[in-house]
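Report on one structure; see the data block that follows.
The values are calculated or read from the model by the stated rules, or taken from the named source; none is laboratory data. For clarity, every value in this text was computed on a predicted model and none was experimentally measured. Every residue, glycine as well, gets a Cβ built from its backbone with ideal geometry; the counts of neighbours run over all protein chains shown. With ligands, DNA and RNA removed, areas are computed over all heavy atoms of the protein, side chains included. Shrake-Rupley method; radii C 1.70, N 1.55, O 1.52, S 1.80 Å.
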Amino acid sequence: NIAANTIRNNKGEIVGVPYISNADSMAYNKSKIGGHINTWEALFDSQFKGYAAMQNDSGPTLTSTAIYLKETGKQDITNPSDMTKSEVRGVCQFLIDMKMKGQFRTFWDGFTNGVDLLVSEKVLVSSCWEPIAVISAKKGVDIHYGTMKEGHQTWNNIWMLTKGGKQRGQEDNFYKLMDLYLSPWFGARTLIGLGFTPQMTGVNEYVESNPNDFNYKVRSDAAERLKNKAKRMAVTGNSWQNLYPKQLRAYQDWWAKVQGA
């Protein structure tokens, strides 16, 4: 399947070991909105005009928008993660139109900016990394991270020992560090502290066997987070963005037009 191919080269050989992954979605302020959200439509809905934000990055923003446009039948797009020049143009023209209408308060840059916008309630709906939603919720704002019915941008981060690293004699250090990052100790703290999906085995058993480190509420929150992740991963429209698109120059050129609109 597509996910398996994210750790293989074009010969089908395994070249990396995944340690975290996720299906990026949208954070929303449930108290202000008055309910849960399950569609990317909210980002482009006029009732949230001036209270919507997206990431200032062509990769995730164009991919998420393309998933929405494809799955709702608004544009013909074959692969939201690897669009043709004309598909990129269509997605960017859609975003430019939205931006010109004042739909977006901003395109956020960086983790701190993403959190501040949600915590200040200047933004009520925002496409973002899950850690931004997790940290915002910890600051007392009713922020939730939804499952979008159209799908999500999915990805994984992998460990890979390069030829150069091996030539520099770093092989032993590589495996020592990889052992740490693939341990349940790291996986549990990544899940609970930031919301990323751990890829190693034994995380649940580790959490349950260390109640002094993880109290009942923390264990309950972790279980709920994993349940929500499974729901997001099960949505048909998920698109794996693990490689640069073939038409990267078109992405860059059109994204500059979105930024300048």
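Looking only at region 1-26, which residues are in contact (Cβ under 8 Å) with a residue 12 or more places away in the chain and either touching an Asp or Glu at 6+ places or on another chain (Cβ under 8 Å) or of a type in the set (Val, Ile, Thr) (or both)? Result: 2, 6, 7, 15, 17, 20, 22, 24, 25. Residues in region 93-111 that are in contact with an Asp or Glu (Cβ under 9 Å, 6 or more places away or on another chain) and either within 17 Å of residue 51 (Cβ to Cβ) or open to solvent by less than 30 Å² (accessible area, probe 1.4 Å) (or both): 103, 107, 108.
Looking only at residues in region 226-239 that are among the charged types (D, E, K, R) and within 16 Å of the chain's Cα centre (by Cα), the one that is surrounded by the fewest Cβ atoms within 10 Å (Cβ to Cβ) is 231. Checked against (1) at pLDDT 95 or above; (2) in a loop (DSSP other than H, G, I, E, B), residue 25 meets all criteria but (2).
Return a yes/no flag: does region 121-136 have any residue that is of a type in the set (Lys, Arg), outside any helix (DSSP H, G or I) and touching a Lys or Arg at 6+ places or on another chain (Cβ under 9 Å).
Yes: region 121-136 contains one or more residues that are of a type in the set (Lys, Arg), outside any helix (DSSP H, G or I) and touching a Lys or Arg at 6+ places or on another chain (Cβ under 9 Å).
Pairing residues of region 31-48 that are open to solvent by less than 70 Å² (accessible area, probe 1.4 Å) with residues that are assigned to a helix (DSSP H, G or I) and among the acidic types (Asp, Glu), at Cβ distances under 9 Å and at least 6 apart in sequence or on separate chains, gives 40/71. In region 57-75 there is at least one residue that is assigned to a loop (DSSP other than H, G, I, E, B), touching a strand residue (DSSP E or B) at 6+ places or on another chain (Cβ under 9 Å) and either basic (Lys, Arg) or open to solvent by 20 Å² or more (accessible area, probe 1.4 Å) (or both).
Condition first: of a type in the set (S, T, N, Q) and at pLDDT 95 or above. Can you find one or more residues in region 108-117 that meet it? For region 108-117, residues of a type in the set (S, T, N, Q) and at pLDDT 95 or above: present.
Counting residues in region 203-225 that are surrounded by fewer than 17 Cβ atoms within 10 Å (Cβ to Cβ), under 19 Å from the mean Cα position of the chain (by Cα), free of Cβ contacts under 8 Å to residues at least 40 places away in the same chain and closer than 30 Å to residue 77 by Cα gives zero. Being open to solvent by 10 Å² or more (accessible area, probe 1.4 Å), within 30 Å of residue 182 (Cα to Cα) and among the β-branched types (Val, Ile, Thr), is that true of even one residue in region 123-139? Yes. The listed residues are 162, 190, and the only one of them that is more than 26 Å from residue 66 (Cβ to Cβ), under 16 Å from the mean Cα position of the chain (by Cα) and among the hydroxyl-bearing types (Ser, Thr, Tyr) turns out to be 190. Counting only residues that are within 25 Å of residue 158 (Cα to Cα) and open to solvent by less than 70 Å² (accessible area, probe 1.4 Å), region 240-261 holds 7 of them.
Tallying residues that are open to solvent by 30 Å² or more (accessible area, probe 1.4 Å), without any contact (Cβ under 8 Å) to a residue 60 or more places away in the chain and under 14 Å from residue 19 (Cα atoms) within region 162-185 yields 6.
Okay, residues lined up against (1) at negative phi; (2) assigned to a helix (DSSP H, G or I); (3) of a type outside the set (Ser, Thr, Tyr):
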| site | (1), (2), (3) |
| --- | --- |
| 201 | yes, no, no |
| 204 | yes, yes, yes |
| 214 | yes, no, yes |
| 254 | yes, yes, yes |
| 257 | yes, yes, yes |
